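Below: one structure, written as structure tokens.
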Amino acid sequence: MQKNIKKLYQQVLLDHNKNPRNFKLIENPTHVARGVNPLCGDEYQLYLRIEKDIVQEVGFKGEGCAISKSVSSMMTQAIIGQHVHHVIELKDQFITMLTEEISEHDAGHLLGHLTIFESVKDFPIRVKCATLIWRALEAAINQTSTNVSTE
Amino acid sequence: MQKNIKKLYQQVLLDHNKNPRNFKLIENPTHVARGVNPLCGDEYQLYLRIEKDIVQEVGFKGEGCAISKSVSSMMTQAIIGQHVHHVIELKDQFITMLTEEISEHDAGHLLGHLTIFESVKDFPIRVKCATLIWRALEAAINQTSTNVSTE
Amino acid sequence: MNKKSDFPIFESYPDLVYLDSAATTQKPTHVIDAISNYYSSEYGTVHRGVYELSVASTRRYNAARMAIQSFINAPSSRNVVFTTGTTHSINLVAFGYACHYVKEGDEILITEVEHHANIVPWQQVAQRKGAHLKFVPVTDSGEIDIDVFSSLITKKTKLIAMAHISNVLGSIFPVHEITAIAKENGIPVLIDGAQAIAHEPIDMVTLDPDFYCFSGHKLYGPTGIGVCYISDRMLDKMQPILFGGDMIETVKKEQTTFAPAPLRFEAGTPPIAQVIGLHAAVDFMQSLDFNAVKEKETHLVELVIGELRSIKNVRIIGNAKQRSSAVSFTIDGIHPHDIGSILDSENIAIRVGHHCSQPTMIRYGVPATARVSFGVYNNEDDVHAFLRALQAVLEVFG
Amino acid sequence: MNKKSDFPIFESYPDLVYLDSAATTQKPTHVIDAISNYYSSEYGTVHRGVYELSVASTRRYNAARMAIQSFINAPSSRNVVFTTGTTHSINLVAFGYACHYVKEGDEILITEVEHHANIVPWQQVAQRKGAHLKFVPVTDSGEIDIDVFSSLITKKTKLIAMAHISNVLGSIFPVHEITAIAKENGIPVLIDGAQAIAHEPIDMVTLDPDFYCFSGHKLYGPTGIGVCYISDRMLDKMQPILFGGDMIETVKKEQTTFAPAPLRFEAGTPPIAQVIGLHAAVDFMQSLDFNAVKEKETHLVELVIGELRSIKNVRIIGNAKQRSSAVSFTIDGIHPHDIGSILDSENIAIRVGHHCSQPTMIRYGVPATARVSFGVYNNEDDVHAFLRALQAVLEVFG
Ligand SMILES: Cc1ncc(COP(=O)(O)O)c(C=O)c1O
Ligand SMILES: Cc1ncc(COP(=O)(O)O)c(C=O)c1O
């Protein structure tokens, strides 16, 4: 197996894929959204309980590839307990990391562990897998639409 | 100008083109048909008065290229006064001459002067010009349709 | 029989293990050169010019039609209508035929495992006409039960459309029986031959469907070209769906009359170079020993199925007795997309996803599958490379 | 500037005097090689595969769309819809837009000298919807009188469609004025750019039509590919006309949702190699000094018109002040078809006939015309060869 693909499918990702965190429905969500990638059939529901501008609780359900599932899992960890402003910044940084030309150093700023997904950039076709849940997050927060499709 | 094209545009053809014979309406036709070649805009009306199975009178009107006009002119000369059976044979021989692999010798059998059009075979795109009036003749005799199109 | 040398892609990319011929086939030199040579030394428009380039192009265009007629054993070249692909061909039948004959309350019968190209046009027709789209169920092993099929035919069934070979399951459907039953009931049948054209002998006289559709690009031919075979009994019932030059007889301001078939269905400057490329592809196919090709493909399919069966957690989707060379599978706990990416890193090209057939995914309760499919260039080495790489996937996900 | 060397046809056929570029252009090496190289070393399907060949093909497909966007200065690449040619593009607008908006009693306005591709689809729409097709008259010299045009606009006018450049008359129509007037009246405009795309700078932002259609094969590109530029304001009003894979988002048995534009209008496996060939053609165009090309073409047109005028019995059809490089003429007593055949025997390829525009023939009272048209490869020698051969024609018919 080639080196860059090894870098992508590293232990932390595989662990989150196998045991996704916050992989659950939550009660009384204030914000929900669905994210669908018709290309590969990835489909997630995202549930948020935001109170006083703070993400009090978050959960997701659904099915998809290891990348989309582990991103989702790690995202829930990254946003729980955070202020909505910070969440939006995180989301922007994550999406920028994968869709624009920025250096790893810039990207790392807020993302912490999430920077492991930067190598998804080497697999352009998989970028949509990695950004799917973030697009759903965006939609949930904006409540513009509850359906998000990446294709 | 190349030799084979010279052979095609020979004097007799140009003469019939300039002074087409039987280029007229006739009174009380028993059979009429229209022949159209949409590719080049050739369009002729053919009028026949057939009585007792003999072509008593024939005329044609319309417009088209030198080939279609001279063929039409010479055809009228060839069929006038002839028995319908003979006319049909002529028609078949003419069309066969231009559309099938037969030798000039075979073709010449009944066609007489009309064999000068055999060189149209060297210009496949013009075959329709040469057969147009014969197709109209066929339709007129069969009275199947009064409109004939070669495309 | 090593056919790789006929295909320049394997020279440009020697490590390539191409296992996605069901999506599109690679092109032999014969086809690539036919196109280049045509553009370089014979190019002209068709149907119109009196000059040599155009006359010769028209001759070649017509010769291609006749070559395809003979390849599929159609009664006449006028039954061969050039389109841009299977999708266009099916749409031609949907909007050129079905839309004019299907009435409110009527039924269109398709299987539940069709490609989107053989679903969405019928949904549209049904929607516009107030008709019903009915689905023939397919068994767990991917077969059609003829009795079940027959029981779904009613007096209101106005069209039956189905794949000759399923692009997901690899099943070869019993199109002869189906066509015969349809005929008994006086119902027109469309066969989507996209997956069959490169893998099965196709004979329009024997099969005698009303419509048979396929794409050039799955037959070692160029993109942008396809065929809609239309039977004599249907030719005069069809309306064109595209209008313009070449398909007309006379255009007046007030009214237009159309040219006879097949030109009537080929509006505009046709895909001339693609038609010539398709002719070359048919030549290429006919230069092969078809039985030997089938034998090799069958061998590879058996090999890959046998090996996949021996892997724990692998599920093969589609186990029809009559099957062709596409093999779909899933692995518990590993998403097909991840399989595809890891295989790609080893230069192994397989297809993962819904294969343009989402209802089939729903039918088999999977979000997606991985699919391996073969062309004339594949050999045992390709299968072994695939299986080795699959082991690596299993190890990663441990 | 001798461009013949870029075009292999002139090497294969050194005596060729090709004067039918308005029908279709010859192909430069750059385009032919782009297609061959693509098939030989990079071929894969688009939009779906996770493997490298498919990812790279998708990237190239998208890059082509962006190159064409920039070539015509469209606001976004989503305004660039790939079709199989001008005919298909116009049909897309007729059946994807007009059919849904034109109602009984409404009017569609076109000129009386359109190509069949820009007549027959509108006749169909008018017929199906009970609407009226109205014709803007063209003057004897082949021009549109803007006042006359304006006077034909009514409250019922629902669409205006006209050629940018007439393929028979060579007239460049005042599309900027027409688009502006249409906009004042809130009427969508389609410009048929088939003849303009290789001869005029095209700028969608400045011209701002609702639709602009052209074919690749008249732009030194491959057959089987074209473009329908669709403005942002129209994209969401359009329905697809072909249905199948790639243009969908989700397909369920009961219902389908469509992908966003432009994919929504591109059903099925697209003409990938042709899209890549069109990209190469646009590259080729952009490598030229466009002003120099126009200057040369203008010079050749003036030369040929000047000489034709000096021949007794020659009538030039179309003498517009703003004119492009197609020149139609007739000779009293000599049918264009005979002119074409005799010129062909001297390896001079001109077009004779109705040029897919029978109403134009009726308008000018001729059964057919002979037409000379130029491409980037033509030079003075070609014009002289043509004029010499024309003398021979005159002598034969003497
Ligand atoms: C003005 C005009 N419109 C439309 C067309 C049709 O183009 P195509 O045949 O490539 O679809 C042509 C060319 O034939 C043309 O000259
Ligand atoms: C069974 C089947 N039908 C239809 C199609 C559509 O073919 P195309 O995309 O070439 O129009 C395909 C291939 O994608 C297929 O496999």
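The values are calculated or read from the model by the stated rules, or taken from the named source; none is laboratory data. No experiment lies behind these values; they were computed from the predicted model shown. Here Cβ is always computed from backbone atoms with ideal geometry, including for glycine, and neighbour counts include all displayed protein chains.
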Inset, instruction - Please tell me if A:ILE141 is at pLDDT below 95 and closer than 26 Å to D:ARG60 by Cα. - result: no
Inset, instruction - Say whether the condition of being in contact (Cβ under 8 Å) with a residue 24 or more places away in the chain, within 16 Å of ligand 1 (Cβ to nearest atom) and within 14 Å of chain D (Cβ to nearest Cβ) is met by at least one residue in region C:276-285. - result: no
Inset, instruction - Report yes if some residue within region D:106-127 is free of Cβ contacts under 8 Å to residues at least 60 places away in the same chain and either assigned to a loop (DSSP other than H, G, I, E, B) or over 27 Å from C:THR250 (Cβ atoms) (or both); otherwise report no. - result: yes
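So which residues in region C:78-94 are under 20 Å from the mean Cα position of the chain (by Cα) and assigned to a helix (DSSP H, G or I)?
C:ASN79, C:THR86, C:THR87, C:HIS88, C:SER89, C:ILE90, C:ASN91, C:LEU92, C:VAL93, C:ALA94
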Legend entry - All positions within region C:335-349 that are surrounded by 24 or more Cβ atoms within 10 Å (Cβ to Cβ) and out of contact with any Leu (no Cβ under 8 Å at 6 or more places or on another chain): C:HIS335, C:PRO336, C:HIS337, C:ASP338, C:GLY340, C:ILE342, C:ASP344
Inset, instruction - Would you be able to say whether some residue in region C:69-78 is among the aromatic types (Phe, Trp, Tyr) and facing another protein chain (nearest Cβ under 8 Å)? - result: no
Legend entry - Filter result for the condition that a residue is away from chain C (no Cβ under 14 Å) and within 16 Å of ligand 1 (Cβ to nearest atom), over D:GLU177, D:GLU200, D:GLU184: D:GLU200
Inset, instruction - Would you mind stating whether C:ASP332 is farther than 13 Å from A:GLY41 by Cβ, within 14 Å of chain A (Cβ to nearest Cβ), away from ligand 1 (no atom under 16 Å from the Cβ) and surrounded by fewer than 17 Cβ atoms within 10 Å (Cβ to Cβ)? - result: yes
Legend entry - The listed residue being among the aromatic types (Phe, Trp, Tyr) and closer than 19 Å to C:GLN195 by Cβ, out of C:PHE386, C:PHE374, C:PHE397: C:PHE374
Inset, instruction - Please note which strands (runs of 3 or more DSSP E) are completely contained in region D:211-297 and include at least 1 residues that are more than 26 Å from D:VAL125 (Cβ to Cβ), of a type outside the set (Lys, Arg) and within 16 Å of ligand 2 (Cβ to nearest atom). - result: D:248-251
Inset, instruction - Can you tell me which residue among D:GLY306, D:GLY277, D:GLY245 is at pLDDT 95 or above, among the small types (Gly, Ala, Ser) and in the same structural domain as D:VAL81 (by TED's automatic domain parsing)? - result: D:GLY277
Inset, instruction - Check C:VAL205, C:VAL148 and return the single one that is closer than 17 Å to C:ALA74 by Cβ, assigned to a helix (DSSP H, G or I) and out of contact with any helix residue (DSSP H, G or I) (no Cβ under 6 Å at 6 or more places or on another chain). - result: C:VAL205
Inset, instruction - Answer yes or no: is there a residue in region D:326-341 that is touching a helix residue (DSSP H, G or I) at 6+ places or on another chain (Cβ under 6 Å), touching a residue at least 60 places away in the same chain (Cβ under 8 Å) and in a strand (DSSP E or B). - result: yes
Inset, instruction - Could you identify the single residue in C:SER40, C:SER36, C:SER54, C:SER70 that is hydroxyl-bearing (Ser, Thr, Tyr), farther than 30 Å from C:LEU152 by Cα and either surrounded by fewer than 19 Cβ atoms within 10 Å (Cβ to Cβ) or not assigned by TED's automatic domain parsing to the domain that holds C:PHE265 (or both)? - result: C:SER70
Legend entry - Residue check, C:THR24 within 9 Å of chain D (Cβ to nearest Cβ) and outside any loop (DSSP other than H, G, I, E, B): no
Inset, instruction - Name every residue in region D:342-361 that is part of a strand (DSSP E or B), at the interface with another protein chain (Cβ under 7 Å from one of its Cβ atoms) and β-branched (Val, Ile, Thr), in order of residue number. - result: D:VAL352
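Yes/no matrix, rows are residues, columns are (1) over 15 Å from C:PRO270 (Cα atoms); (2) more than 21 Å from the chain's Cα centre (by Cα); (3) more than 8 Å from chain C (Cβ to nearest Cβ); (4) surrounded by 24 or more Cβ atoms within 10 Å (Cβ to Cβ):
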| site | (1), (2), (3), (4) |
| --- | --- |
| D:HIS217 | no, no, no, yes |
| D:PRO222 | no, no, no, yes |
| D:TYR229 | yes, no, yes, yes |
| D:ASP236 | yes, yes, yes, no |
| D:PRO240 | yes, yes, yes, no |
| D:PHE243 | yes, yes, no, yes |
| D:ASP246 | yes, yes, no, no |
| D:PHE258 | yes, yes, yes, no |
Inset, instruction - Name every residue in region D:93-117 that is more than 13 Å from chain C (Cβ to nearest Cβ) and surrounded by fewer than 16 Cβ atoms within 10 Å (Cβ to Cβ), in order of residue number. - result: D:TYR101, D:LYS103, D:GLU104, D:GLY105
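Given the criterion within 16 Å of ligand 2 (Cβ to nearest atom), away from chain D (no Cβ under 12 Å) and over 30 Å from C:ALA63 (Cα atoms), identify the matching residue among C:VAL120, C:VAL168.
Residue meeting the stated conditions: C:VAL168.
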Legend entry - Options C:ALA126, C:ALA161, C:ALA131: the member that is within 27 Å of C:ARG65 (Cβ to Cβ) and away from ligand 1 (no atom under 16 Å from the Cβ): C:ALA161
Legend entry - Residues satisfying the stated conditions in region B:26-48, i.e. touching a Pro at 6+ places or on another chain (Cβ under 7 Å) and modelled with pLDDT of 95 or more: B:TYR47, B:LEU48
Inset, instruction - Pairs only if they're at least six apart or on different chains, beta carbon under 7 angstrom, first in region D:42-67 and more than 12 Å from chain C (Cβ to nearest Cβ), second modelled with pLDDT under 95; list them, first residue then second. - result: D:THR58/D:VAL46; D:THR58/D:HIS47
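Among the residues of region D:362-381, write down those that are more than 9 Å from chain B (Cβ to nearest Cβ) and surrounded by 22 or more Cβ atoms within 10 Å (Cβ to Cβ). Reasoning before the result, please.
So the first thing to find is which residues in region D:362-381 are more than 9 Å from chain B (Cβ to nearest Cβ), and the list is D:362-365, D:369-381.
Listed by number, the residues that qualify are D:THR369, D:ALA370, D:ARG371, D:VAL372, D:SER373, D:PHE374, D:GLY375, D:VAL376, D:ASN378.
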Inset, instruction - Consider D:VAL136 carefully, then state whether it is within 16 Å of ligand 1 (Cβ to nearest atom), touching a residue at least 12 places away in the same chain (Cβ under 8 Å) and over 18 Å from the mean Cα position of the chain (by Cα). - result: yes
Inset, instruction - Could you grab me the full set of residues in region C:309-319 that are at pLDDT below 95 and of a type in the set (D, E, K, R)? - result: C:LYS312
